[in-house]
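Here's the structure we're looking at; comments come further down.
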Amino acid sequence: MADNEQVSAAAMTTKPRKKADRAVAKAQAKAERAAEKVKAKAEKERVKSLAKMAEDKVIKELIASLEVHARSATFACGGVVPIKQKPTHSAAPTTDTDTQAAKGNAIDPVQIRFGTSGSGVTVTFAHAEATSPELQALIQACVPASFGRGGEEVLDGDYRKAVKLDKTAFATSFCPYEAGIIDVISQLLAPQTVHDKHMCSIKAELYKLNVYSAPSGKFKAHVDTPRSKDQIGSLVIALPVAHEGGELGVRSAGKEVLFDWSAGEGCDDDRCTIKWAAFYSDCEHEVYEVTSGRRVTLTYNLYLTRGLGRLAGSTPGLQPEQLPLYASLEGALDSPGFMRNGRVLALWLTHSYAHTNKHVNFLPGSLKGADMSLYNTAQALGLKCLVVPIMTLEYGGYHDDRPCYLLHRNFKFQRGVWR
Ligand SMILES: O=C(O)CCC(=O)C(=O)O
Ligand SMILES: [Fe+2]
């Protein structure tokens, strides 16, 4: 009995021990499974972070390429148009300007008429003559030039020292279309490519006549107030009047282009020219101080209008396939693992747009310079592109302080956020 009791006690003690062992083994197995899971997760994270690093590298390279693209793109252009001179008995033409004039590109001397009906005055700009009585009378007829500050027109000689005539106060024989200037601007600032669906053209509208005189005639750094939502830029025509200084500096993406129209740059009594510059509305620009003489300019507002469509057989000037950006973007898209899940690649635009006005919203047709060639490059690579304004948090949407360009093979819009 005592033995039996012992056996049964042993049996009783063995049973609970087996149960405990099983529990330990179960816990061990669970812990092992958990450890394996953690290991697998860590491995997955490692692979994911390697893929992310590879993708980040591709994106970094692409961004560098986009920055170069933005910096090297055209945001301002300019040129020289010779003025026809009275025939002389001098030797055959030798300079570039003379050769152009001989080829028939030269325009008639520019006339400006102003004054009240019946007592009007005509100034003819055919020589770099800063002292003619007619020019003096023109300057007398001008009034101090104001500029926009905080939504108001203000006069502040420290910021802008110039006089002006509004377009209602004068007439000019000069026509930027006839001079071939609008053709050049259209090609350089509103280039069209085979990939464009919407043809656009440029319309120039006379705005003002300005005179910046020495000493200290200037207009400090500013961005022009757009005169309408479809304004794309400004055109400045420098009439042949002798002066020093007064260079026009135009800036975009950290670069400045300087237009120097002072004497010694090809304007004297024998070879007289019109000089011009055009730039996008959102470019900061500045007229440096005029140190001698007078700088007389006509300004035009440039608007984008819908064109008539491509003429059969015409060859567009821009071929995105030849832009360095094409190779970079193609390389990024071909990289294994780059946005495999079909996310959106959002790229900031270089220029600003009046995108909120539905009536004149030609986007993407109205994209400027670097932005248009980016759009066309993406299209040439078969990407679906959208130009989309990014909302600010105040309006309940996705926030960032820069406008956004979006492109990728597959993209979708979810809960107000591009993913
Ligand atoms: O005369 C120039 O070159 C530019 C003038 C200007 O910036 C303006 O009128 O807004
Ligand atoms: Fe300006």
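Going by amide H atoms built from the backbone, whose H comes under 5 Å of the H on SER201, apart from near neighbours?
Long-range HN contacts for SER201: THR305, ARG306, GLY307.
In nm, to one decimal, how far is the THR131 label point from the GLU43 one, both placed 7 Å along Cα→Cβ?
9.2 nm
Per residue of the stretch 371-378, in order, report the coupling 6.51 cos²θ - 1.76 cosθ + 1.60 (Karplus, θ = phi - 60°) as ³J(HN,Hα) in whole Hz, putting x for Gly and Pro.
With the stated coefficients, the stretch 371-378 comes to 5, 5, 6, 5, 4, 5, 5, 5 Hz.
Beta carbons within 10 angstrom, averaged per residue: use that to sort the peptides 114-127, 63-76, highest first.
Working: 114-127: 14.1, 63-76: 18.0.
The peptides rank, most packed first, as 63-76, 114-127.
State, to one decimal in nm, how far the label point of LYS220 lies from the label point of GLN111, with both points 7 Å from Cα in the Cβ direction.
For LYS220 paired with GLN111, the spin-label model returns 4.1 nm.
Estimate the FRET efficiency between ILE63 and GLU286 by the formula 1/(1 + (r/R0)^6), using the beta-carbon distance for r and 45 Å for R0, to the nearest 0.05. Could you put the intermediate results ahead of the total?
Details: r = 29 Å, r/R0 = 0.65.
Here the calculated transfer efficiency is 0.95.
Which value, in debye to the nearest 20, gives the size of the charge dipole of the stretch 36-82 about its Cα centre, when Lys and Arg are +1 and Asp and Glu are -1 at the Cβ? Let's see the in-between values first.
Working: 10 positive and 7 negative charges, 72 e Å.
Charge dipole of the stretch 36-82: 340 debye, to the nearest 20.
If you take the square roots of the eigenvalues of the alpha-carbon gyration tensor of the stretch 208-253 and sort them as a ≥ b ≥ c, do you get rounded (a/c under 1.5), prolate (a/b over b/c) or oblate? Intermediate values should be presented prior to the final figure.
Working: a/c = 2.22, a/b = 1.71, b/c = 1.30.
Judged from the Cα gyration tensor, the stretch 208-253 comes out prolate (a/c at least 1.5, a/b above b/c).
Each value in this text was obtained by applying a stated rule to the coordinates, not by laboratory testing. Because the structure is a prediction, the values reported are computed rather than measured. Reconstructed Cβ throughout: ideal geometry from the backbone, glycine too, with neighbour counts over all protein chains shown.
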